[in-house]
Amino acid sequence: MHIYIRQAVWNGGFGRMKARFVFYCIGLLSLSLGVSLIIKGDLGAAPWDALAVGESTLLHLSIGTCIFMNGCILILINALLLKEGIQWLAALSIFVIGMMVDYWITAGLKTVEPVGFGQQLSLVLIGILLLGIGISIYLQAKLPSSPMDTFMVAIHQRFGLNLRNSRLLNEAIAITLAMVFHGAVGIGTVIVACTLGFIIHIFYPIMERMYGKWS
C-alpha cells in the first residue's frame, strides 16, 4: 500500500516538474523570438531591450550579451534593494534569453529584412504578441522572473511606490539609459509599453488553465 502511495506521489511530482520545464522552455523560446522580431522591426524596442541594442553598437558586443550583462547588474541591484540573497536562477533565465535572442537575430531571422513601414509595424506587432504569450507561459513555471520585472517589484517595496508608478519609473530609467547609449527608442517602444500588459492580461489566465490541466 505504501509503495503505491509513494509511486503516486513520485509520478505527480515528476509530472509537475515536467510541466514546469516544458512551459519554462517554450515560454523563453516565444519570449526571445518576440524580442528579436521587435528589434528586427527597427521601430524601437522595449525599454530594456532598447538599451541593449545601444550598448551592442557602442561596446561591439552582441545584443544577447548586453541583455545578460544588464540582467546581472539588475540582479545585484534587486538583491540590495530587497535585502535578499542573489537570485541565481534569474541569472540563468536571462542568460538563456540572451543566447536565444542572439540566435534569432544572427541565424533564425537572418533573412528577415522588412521593407517599408507596413512590414516593420507587422514585425513589431507579431513580436509583441509572441513576447506577451511567452511571458504568460514561462511565468507558469514559478521560477524567478526576469530581473527587469523584479526591479519594478524592488522599487515598489523599497520606496513605497504603487506598482503602476514603480513600473513607470522602471521603464523611465531604462528609456533614459537607452537614450544615453543611443539605443533603439522609437514609436515601437511606445507601442510595446501600451500593449504588452494587455496581451499578458489576456493570455496569462489561458496559460494558467493549460498548466493546471497538464501538470
For L61, which of the numbered conditions (1) open to solvent by 30 Å² or more (accessible area, probe 1.4 Å); (2) assigned to a helix (DSSP H, G or I) fails to hold? (2)
Take the residues in region 1-31 that are open to solvent by less than 10 Å² (accessible area, probe 1.4 Å) and modelled with pLDDT of 80 or more; name whichever of them is nearest to S93 (Cα to Cα). L28
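Any residue at all in region 67-82 that is closer than 15 Å to A184 by Cα and either aliphatic (A, V, I, L, M) or modelled with pLDDT of 95 or more (or both)?
Filtering region 67-82 for residues closer than 15 Å to A184 by Cα gives 67.
The next check asks that each one be either aliphatic (A, V, I, L, M) or modelled with pLDDT of 95 or more (or both); those that pass are 67.
Among the residues of region 67-82, at least one is closer than 15 Å to A184 by Cα and either aliphatic (A, V, I, L, M) or modelled with pLDDT of 95 or more (or both), which makes the answer yes.
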Out of all the residues in region 103-113, is one or more modelled with pLDDT of 90 or more and of a type in the set (V, I, T)? yes
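Yes/no matrix, rows are residues, columns are (1) β-branched (V, I, T); (2) open to solvent by 20 Å² or more (accessible area, probe 1.4 Å); (3) out of contact with any Ser or Thr (no Cβ under 6 Å at 6 or more places or on another chain); (4) assigned to a helix (DSSP H, G or I):
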site	(1), (2), (3), (4)
L33	no, yes, yes, yes
I39	yes, yes, yes, yes
A45	no, no, yes, no
D49	no, yes, yes, yes
E84	no, yes, yes, no
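Inspect all residues belonging to region 71-81 and state whether any of them is of a type in the set (A, V, I, L, M), in contact with a Phe, Trp or Tyr (Cβ under 6 Å, 6 or more places away or on another chain), assigned to a helix (DSSP H, G or I) and surrounded by 13 or more Cβ atoms within 10 Å (Cβ to Cβ).
First, pick out the residues of region 71-81 that are of a type in the set (A, V, I, L, M): 73-77, 79-81.
Narrowing further to those that are in contact with a Phe, Trp or Tyr (Cβ under 6 Å, 6 or more places away or on another chain): 74.
Still in the list and also assigned to a helix (DSSP H, G or I): 74.
Filter once more, so that each one left must be surrounded by 13 or more Cβ atoms within 10 Å (Cβ to Cβ): 74.
Taking every residue of region 71-81 in turn, at least one turns out to be of a type in the set (A, V, I, L, M), in contact with a Phe, Trp or Tyr (Cβ under 6 Å, 6 or more places away or on another chain), assigned to a helix (DSSP H, G or I) and surrounded by 13 or more Cβ atoms within 10 Å (Cβ to Cβ).
Would you kindly identify the helices (runs of 4 or more DSSP H) lying entirely within region 111-215 that contain at least 3 residues that are open to solvent by 60 Å² or more (accessible area, probe 1.4 Å) and of a type in the set (A, V, I, L, M, F, W, C)? Walk me through how you get there before you give the answer.
Working: elements: 116-138, 147-159, 163-180, 187-214.
Ranges flagged: 116-138, 163-180, 187-214.
The values are calculated or read from the model by the stated rules, or taken from the named source; none is laboratory data. These numbers come from a predicted model, not from an experiment. Counting neighbours? That spans all protein chains shown, and the Cβs are built from the backbone with ideal geometry, glycine included. The accessibility values were calculated without ligands, DNA or RNA, using every heavy atom of the protein model including side chains. Shrake-Rupley method; radii C 1.70, N 1.55, O 1.52, S 1.80 Å.
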